[in-house]
Amino acid sequence: MESIRAAIIGFAHMHVNEISQYILETDGITLCGIADVHPQRPELVKKRYTRDWNLENVASAHHLTPFDDYREMLDTVKPDVCFLLCANVNKARVAQEIASRGIHVSVEKPMAVTLEEAGSIAALADRYHVDVLVNWPTSWRPYIRCLDAAYRTGIVGKLKKLYYINGHTGPLGVGASHRGVDAAAEGMTDAEKAATWWYQSDMGGGAFLDIGCYGAMYSTWFQEENALSVYAKARNLNTPFMEPEDNAAMIVDYPSSMSVLEATWTMPNKFLPTGPVLCCEEGVLYTTADKQVKAMTLTGAEIPLRYEAPFCDPNLPALMVRHYREGAPWHLTVTADFNVRMMALLDAAIRSSKENRPVPVVY
């Protein structure tokens, strides 16, 4: 494959601006077509990070005219790979349209709304002989790869508890900013936010799927056993104009360890840790605000770390170029199998929050 012909379907997710920037910066991949998935309910305004704003921003950056119909775009442009950034509820349907044309598909995290839908998306790989990938923006952070490398040295022993809290003031909240754009979200009224899919349960909105998925991803990445069960709570604490939760918490039980995972739309991002905290037999591994990896003993003394910082592709488009040109392996977190396992955990957590009981995780 000389140069990857890429397309983007869906501008509901503000990460589309990040993907757009990475394609611009990467030799060997070109964005050739863009199209949105028309929303079931229209948004009220075009402000930074809303659907129409995202579409115009990417179209301008790549000098492209958007197609009105994504199926027509796929049939006209005939891309090699398509990045899918539509509302969560539409992912399975649109991924089927992409893969059925023999086009590789990259779904923006999380893979789907439910475990069943994740399984149907994963099955597209064998049915149509295409790659089915999932993009996690934090998978490409060098400090997270270094945290993983440090843990694998065994310097603090086996993982006993993984703790992670992630969040912000909401995807379109006050001061929210997203990579690929050098400005924060503009002020929006409650009614304007409520008209976007992020704040609508039937569209796959809410903090669980938006932010809680990262905790499920890290737990699936670092925990070395299959989860047994999860007990979760979800509440709408400070966003009265919407139905779904703005906060969620999960306690995941493993045979010899546990994970405590939290998601919030009601806290400024700068107050939250930069990565998961690994509480192990002999000490703790964590990342600092300046993106350094640190270790300390159980008594609080710092442990000098000695490990080789692993190579880290800067983003998924860059890895795609290396994969299709050189056969470079996919990172664990982009693979369909990994993401189906992650969805097994997240799906059980969401059901637990609705049923108010621990729910087994079935892989």
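Can you name every one of the helices (runs of 4 or more DSSP H) wholly within segment 1-105 that holds 3 or more residues which are touching a helix residue (DSSP H, G or I) at 6+ places or on another chain (Cβ under 9 Å) and closer than 26 Å to Asp313 by Cα? Before the answer, list the steps.
Details: elements: 15-25, 51-62, 70-77, 91-99.
Where helices (runs of 4 or more DSSP H) fall fully within segment 1-105 and carry at least 3 residues being touching a helix residue (DSSP H, G or I) at 6+ places or on another chain (Cβ under 9 Å) and closer than 26 Å to Asp313 by Cα, they are 15-25, 51-62, 91-99.
Which condition does Tyr254 not pass, out of (1) crowded, with 20+ Cβ neighbours inside 10 Å; (2) in contact (Cβ under 8 Å) with a residue 40 or more places away in the chain, if it passes all the others?
(2)
Return a yes/no flag: does segment 264-274 have any residue that is outside the structural domain of Gly204 (by TED's automatic domain parsing), surrounded by 20 or more Cβ atoms within 10 Å (Cβ to Cβ), touching a strand residue (DSSP E or B) at 6+ places or on another chain (Cβ under 8 Å) and in contact (Cβ under 8 Å) with a residue 24 or more places away in the chain.
Start the filter on segment 264-274 by keeping residues that are outside the structural domain of Gly204 (by TED's automatic domain parsing), which leaves none.
No, segment 264-274 contains no residue that is outside the structural domain of Gly204 (by TED's automatic domain parsing), surrounded by 20 or more Cβ atoms within 10 Å (Cβ to Cβ), touching a strand residue (DSSP E or B) at 6+ places or on another chain (Cβ under 8 Å) and in contact (Cβ under 8 Å) with a residue 24 or more places away in the chain.
Pull out all pairs, ordered by first then second residue, where Cβ-Cβ is under 6 Å, the residues are six or more apart or on different chains, the first lies in segment 326-354 and is on the phi < 0 side of the Ramachandran plot and buried (at least 23 other Cβ atoms within 10 Å of the Cβ), and the second is in a helix (DSSP H, G or I) and of a type in the set (Ser, Thr, Tyr).
Qualifying pairs under 6 Å: Met342/Thr220.
Got a number for residues in segment 257-303 being assigned to a strand (DSSP E or B) and among the aliphatic types (A, V, I, L, M)? So that I can check it myself, show each step before the final result.
Quick first cut of segment 257-303, residues assigned to a strand (DSSP E or B) only: 258-264, 277-280, 283-287, 293-297, 302.
This time we only want the ones that are among the aliphatic types (A, V, I, L, M), so: 258, 260-261, 263, 277-278, 284-285, 293, 295-296.
Result for segment 257-303: 11.
Are there any pairs with C-beta distances below 7 angstrom linking a residue in segment 227-244 that is not assigned by TED's automatic domain parsing to the domain that holds Thr169 to a residue that is surrounded by fewer than 22 Cβ atoms within 10 Å (Cβ to Cβ) and part of a loop (DSSP other than H, G, I, E, B), with the two at least 6 apart or on different chains, and if so which?
Here the result reads none, with nothing in segment 227-244 linked to a residue that is surrounded by fewer than 22 Cβ atoms within 10 Å (Cβ to Cβ) and part of a loop (DSSP other than H, G, I, E, B).
When you look at Arg145, is it among the charged types (D, E, K, R), over 18 Å from Met217 (Cβ atoms) and part of a helix (DSSP H, G or I), yes or no? Give the steps one after another, and end with the answer.
On the way: among the charged types (D, E, K, R): yes; over 18 Å from Met217 (Cβ atoms): no; part of a helix (DSSP H, G or I): yes.
No, not satisfied.
Quick check on segment 136-147. Is at least one of its residues within 30 Å of Val284 (Cα to Cα), surrounded by fewer than 23 Cβ atoms within 10 Å (Cβ to Cβ) and in contact with an Asp or Glu (Cβ under 8 Å, 6 or more places away or on another chain)?
Yes.
Please state which one of Met250, Met242, Met267 is at pLDDT below 95 and either among the hydrophobic types (A, V, I, L, M, F, W, C) or out of contact with any helix residue (DSSP H, G or I) (no Cβ under 7 Å at 6 or more places or on another chain) (or both).
On the way: Met250 fails: at pLDDT below 95; Met242 fails: at pLDDT below 95.
It is Met267.
Touching a Lys or Arg at 6+ places or on another chain (Cβ under 8 Å) and either assigned to a helix (DSSP H, G or I) or closer than 25 Å to Gly215 by Cβ (or both): does that describe Leu133?
Spelling it out, it is not the case that Leu133 is touching a Lys or Arg at 6+ places or on another chain (Cβ under 8 Å) and either assigned to a helix (DSSP H, G or I) or closer than 25 Å to Gly215 by Cβ (or both).
Please work out which one of (1) crowded, with 22+ Cβ neighbours inside 10 Å; (2) in a helix (DSSP H, G or I) is the condition Pro110 fails and give its number.
With (1) crowded, with 22+ Cβ neighbours inside 10 Å; (2) in a helix (DSSP H, G or I) applied to Pro110, the lone miss is (2).
Since Phe311 meets every condition but one in (1) free of Cβ contacts under 8 Å to residues at least 60 places away in the same chain; (2) outside any loop (DSSP other than H, G, I, E, B); (3) more than 22 Å from Gly215 (Cβ to Cβ), which condition does it not meet?
With (1) free of Cβ contacts under 8 Å to residues at least 60 places away in the same chain; (2) outside any loop (DSSP other than H, G, I, E, B); (3) more than 22 Å from Gly215 (Cβ to Cβ) applied to Phe311, the lone miss is (2).
Taking segment 219-251, which residues are acidic (Asp, Glu) and surrounded by fewer than 19 Cβ atoms within 10 Å (Cβ to Cβ)?
Taking segment 219-251 first, the residues acidic (Asp, Glu) are 224-225, 243, 245-246.
Those that are acidic (Asp, Glu) and surrounded by fewer than 19 Cβ atoms within 10 Å (Cβ to Cβ): Glu224, Glu225, Glu243.
The values are calculated or read from the model by the stated rules, or taken from the named source; none is laboratory data. This structure is a prediction, so every number in the text was calculated from the model and none was measured. All Cβ positions, glycine included, derive from the backbone under ideal geometry; neighbour counts span all protein chains shown.
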